[in-house]
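The values are calculated or read from the model by the stated rules, or taken from the named source; none is laboratory data. What you are looking at is a predicted structure, and each value in this text was computed from that prediction instead of being measured. Please note: Cβ atoms are built from the backbone with ideal geometry, for glycine as well, and neighbour counts cover all protein chains shown.
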Amino acid sequence: MKMVKSLILGTAVAFAASAGAQAADLPVKAKPVGYVKICPQYGPGFYYIPGTDICLKVGGLVFAEAGYYASGAIPTLTFGPTWNRDDTDLQWRSRGYISLDARQNTAYGTLRSYILGGFEQRDTSATNAITAGAFIQYAFIQFAGFTAGTANSFFDFGVNYLTLSAASNPWNWVNVFAYTANLGNGLSATISLEEQTTTALGSPATIQQESPAIVGNVRLDQAWGSAQVMAATYQQRFHSISPARDDWGWAVGAGVEIKLPMLGAGDTIKFVAVTAEGATEYTGLSGSPYGGIGGVTLGFAGGAVGTVLVTDYAGGIAGTQTDASSMMVQFRHFWTPTLRSSFHAGYNEAYNRFAGGFGGVQVVQYGHSLAWSPVKDLTLALDVLYTEIDANQIETDRLATWFRITRTF
């Protein structure tokens, strides 16, 4: 009996060893992973790129919009095309954005790379022409206080509360090389060298850039809101006059945004004022980098399309740089957590002392935007913007309406 037990036990051990050897020869199926490793230090949406210590956030935005009298030329104020039966008073546009935000901890602080770009299809303000294409809005690197790439100008202060661009709210995205020093307690200072793509106004054959724009700001961010003072200067060469001359244009401005929780959660009011000489666009007169949305556009010497023909300089031997200024106030109020109104009032003035130049231009705008977010990350906005322009004692006005539906993710 003892011999039988030993035989059975030995056979079982041999079988188990044989089965184990065969199982070791088979491929081992990896256990499925049902999660991604998140990066909590950078906020929601960031996760580690597998095999690296780089945190990535992928996002995007899609909007569709349409409006009446929201772009294009006012014929009484241009030397270019006029309205005719081929023009369209109705504009359409749709855009799709993709954003990539990559961040990584280093011995010198956070290394960040950011890209925002996408595709657009829109009609123009003449002959119902359709244009489409890809674009990059932002592409920059931030490291140890430095910012390099395409970003918002450091002259800008905050965002526009309206969907339509307002002429007195300066903002632009340009190529920059900048350094920001954090001084503590929410105080920072930035010095930036910036490319001037649309700020150096005038016919390309008339004005050439001789230096990058030198832009600086001092900014304070506190629990009550934010404040900023900013300045910019750049050199231009006016070679179409005799003798050719170099001039430096400049602009200085200030802005403050105050939170008003006593009126409603999320309520804010913002003030911005700018004065300039030979640096007209820093007053915000072009409306936006799009150069047309909002009903006010900067033109060029020589009669290219533009609602208001304004240049940094009026040519001729006795020519002088353009004096310009702007001021605006915007107020945002939340009626409910999902329904808000934004109000805008702004004024622009540009004047050149040379009698053969464009003379004087005044732009007054009043606007209101009503935005509703029925669910998270979905917003429907309806804007109304009234613009009154007095250019060389020729007065005209325009009432623009614009509807946009936006989905962010």
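In this structure, Leu193 does not qualify as surrounded by 15 or more Cβ atoms within 10 Å (Cβ to Cβ), out of contact with any Lys or Arg (no Cβ under 6 Å at 6 or more places or on another chain) and either under 29 Å from Gly67 (Cα atoms) or modelled with pLDDT under 95 (or both). Note on segment 332-362: residues that are among the polar types (S, T, N, Q), modelled with pLDDT under 95 and not in a strand (DSSP E or B) total 1. Taking each residue of segment 156-168 that is at pLDDT 90 or above and looking for partners that are surrounded by fewer than 24 Cβ atoms within 10 Å (Cβ to Cβ) and hydrophobic (A, V, I, L, M, F, W, C) with beta-carbon atoms closer than 6 Å, six or more apart or interchain, yields Asp156/Trp171. Kindly state which strands (runs of 3 or more DSSP E) lie completely within segment 206-317 and contain at least 1 residues that are surrounded by 16 or more Cβ atoms within 10 Å (Cβ to Cβ) and either touching an Asp or Glu at 6+ places or on another chain (Cβ under 6 Å) or at pLDDT 95 or above (or both). Here the list reads 213-222, 225-238, 245-259, 268-277.
Here Gly202 meets each of (1) farther than 24 Å from Ala148 by Cβ; (2) within 19 Å of the chain's Cα centre (by Cα); (3) at pLDDT below 85 with one exception, condition (2).
Quick check on my filter: what residues within segment 320-331 are assigned to a strand (DSSP E or B) and either over 22 Å from the mean Cα position of the chain (by Cα) or surrounded by fewer than 21 Cβ atoms within 10 Å (Cβ to Cβ) (or both)?
In the first step, residues of segment 320-331 are kept if they are assigned to a strand (DSSP E or B); the result is 321, 323-331.
Residues satisfying the conditions are Gln321, Asp323, Ala324, Ser325, Met327, Val329, Phe331.
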